[in-house]
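Colleague: I'd like to ask some things about the structure below.
The values are calculated or read from the model by the stated rules, or taken from the named source; none is laboratory data. Predicted, not measured: the structure shown is a model, and the values here were computed from it. Don't worry about glycine lacking a Cβ; one is built from the backbone with ideal geometry, like all the others, and counts go over all protein chains shown.
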Amino acid sequence: MPKHRSPLLTVLVVLALAPVCHAAEGGKRPSGDPGWEAFQARWQAAMKSGDAAAIASLTRLPFLLGGKKLDRAAFERSVPGLFTAPVRRCLARARASTEPGAPGDRVMFCTSYNFYFDSSDGQWRLREFGADTP
């Protein structure tokens, strides 16, 4: 006669495995980093406003796009195409995860893209983005 699991046991197993599943999907939530938190507040404000100059100030320049290195002026001209309204809305709400293998880096996932951030020079900046392919 087969044994039946109690619903409570099933819930407890699922809850116990949830952090493992999240880590496998792209990392874990970063611990409190005042520098990151301040950067993220500025990033979210820039995404909400769509201000190209503000977005550029939070980006590591020159920015590599399509095999070309964009200086600040070229990057600002590219902002409307790179950060469409749906992408900006997502990035204004997204929470970062730590990058597996690079715990000092952060990544945000939005509408088929991954946005990578680092603080290699002591200042958090958008470093690059890539397509999130299945």
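Colleague: When you look at GLY50, is it modelled with pLDDT under 95 and among the small types (Gly, Ala, Ser), yes or no?
Modeller: Values: modelled with pLDDT under 95: no; among the small types (Gly, Ala, Ser): yes.
Considered against the rule, which asks whether it is modelled with pLDDT under 95 and among the small types (Gly, Ala, Ser), GLY50 comes out as no.
Colleague: Right, another one. Quick one: is GLY27 of a type outside the set (Asp, Glu), in contact with a Pro (Cβ under 8 Å, 6 or more places away or on another chain) and modelled with pLDDT under 95? Walk me through it before giving the result.
Modeller: Details: of a type outside the set (Asp, Glu): yes; in contact with a Pro (Cβ under 8 Å, 6 or more places away or on another chain): yes; modelled with pLDDT under 95: yes.
Judged against the criteria, GLY27 is a match.
Colleague: Before we move on, is LYS69 in contact with a helix residue (DSSP H, G or I) (Cβ under 7 Å, 6 or more places away or on another chain) and at pLDDT 95 or above? Lay out the reasoning, then the answer.
Modeller: On the way: in contact with a helix residue (DSSP H, G or I) (Cβ under 7 Å, 6 or more places away or on another chain): no; at pLDDT 95 or above: yes.
Answer is no for this residue.
Colleague: Every residue in the stretch 89-113 that is among the basic types (Lys, Arg) and in contact with an Asp or Glu (Cβ under 8 Å, 6 or more places away or on another chain), please. Steps first, please.
Modeller: Taking the stretch 89-113 first, the residues among the basic types (Lys, Arg) are 89, 93, 95, 106.
Hit for the stretch 89-113 is ARG106, nothing else.
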